[in-house]
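Have a look at the structure below before the remarks.
Throughout, read-outs are computed from the coordinates displayed, never taken from laboratory work. Here the structure is a predicted model, which is why all the values come from computation and not from measurement. Here the Cβ positions follow ideal geometry from the backbone for every residue, glycine too, while neighbour counts run over all protein chains shown.
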Amino acid sequence: MDEILQRWVQQVDGTYLLVGLFLGLFLLAFLLVRFLVSWLFSSRARHQASARVIPMRRRGAWFRWGKSKRRYRWRAPSPLWLVVLAVALAVSFRSDIWPEFGGKHVLTGRVTHVRDGDTIEVSGRAIRLNGLTCDERNTPLGDRATAVMRGLVAGRVLRCEFNGDRTYDREVGRCALSNGQDIGAVLISQRLCGRCARYDPLRTYAAVQREAGRFRGAMPGYCFALW
């Protein structure tokens, strides 16, 4: 967790996103507390008002609370907090940010096979590179990405970190060369693959994609995210 936060803060975009995340959590907590307080006071007022028989009671009438008098006008709690909470939860789950904060399983091994630009096999284990999208094989850009990936990693030792997710027979993670260079970032910088924003919630590849320019291949719909 600490390593992820440190790596995130080192990026300008990640710092803004981290601040926004904490502000969003604070806003959600504030709205929840506000709703609970409003609900408790309104329930108490309705209970006390129903215990008295006051003829021709009108809205805004005076009620006696102990020795003092207070003017009470009940208002239903605003549903705004429900809308904000629903949107925030939808965005957070849609962005697949939670696996990034889980424990990381690390594998160091030799590349035994390259399936395509975003899927390789290390020590016989299939790995789908997280946050990366490449065109399929038998397409011009997809074949180029596969060839470059094969020349980059075939037979070499990689260090891979898994986030715990799986897609079909593949484990999801990111891999780096012995010098620490992320192989996904290499293919994005060469404009052979693109950043899949939904599966890159920490914006690890955001700066690389911005420098490389817009991805020229087909961007899948599942890669869409608000950031």
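For each of 219, 149, count neighbouring Cβ atoms within 10 Å of the residue's Cβ, then give the residues from fewest to most.
Working: 219 16, 149 26.
Listing 219, 149 from fewest to most nearby Cβ atoms yields 219, 149.
Please give the length that would be gained between residue 181 and residue 110 if that part of the chain were fully extended, namely 0.36 nm times their separation in residues minus their C-alpha to C-alpha distance (nm, one decimal).
On the way: separation 71, 0.36 × 71 = 25.56 nm, distance 1.56 nm.
Using 0.36 nm per residue and subtracting the Cα-Cα distance, I get 24.0 nm.
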| field | Estimated distance in nm for a label pair at residue 33 and residue 218, the labels positioned 7 Å out from Cα along Cα-to-Cβ | value | 5.1
| task | Compute the distance in nm between two label points, each set 7 Å from the Cα along the Cα-to-Cβ direction, one at residue 156 and one at residue 138. | result | 2.9
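For residue 165 and residue 125, calculate 0.36 nm times their separation in residues minus their Cα-Cα distance, and state this gained length in nm to one decimal.
Values: separation 40, 0.36 × 40 = 14.40 nm, distance 1.37 nm.
Result: 13.0 nm gained on full extension.
Mind putting a number on the dipole of segment 103-223 about its Cα centre? Charges go on the C-beta only, +1 for Lys and Arg and -1 for Asp and Glu, and I need it in Debye to the nearest 20. Numbers along the way, then the final one.
On the way: 20 positive and 13 negative charges, 35 e Å.
The calculation lands at about 160 debye.
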| Debye intensity ratio I(q)/I(0), log10, segment 103-223, q values 0.10 Å⁻¹ (C-alpha model) | -0.25
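Please figure out what share of the DSSP beta bridges in segment 103-223 is antiparallel and state it in percent, rounded to the nearest 5. Mind showing how you got there, number by number?
Numbers: 24 of 27 bridges.
In segment 103-223, approximately 90 percent of DSSP beta bridges are antiparallel ones.
For a footprinting-style exposure proxy, rank 134, 193 by other Cβ within 10 Å, fewest first.
Ascending number of Cβ neighbours within 10 Å: 134, 193.
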| task | Arrange 199, 222, 168 by Cβ neighbour counts within 10 Å, fewest through most, would you? | result | 168, 222, 199
| query | Cα centroid distance between segment 152-167 and segment 183-218, in Å? | reply | 17
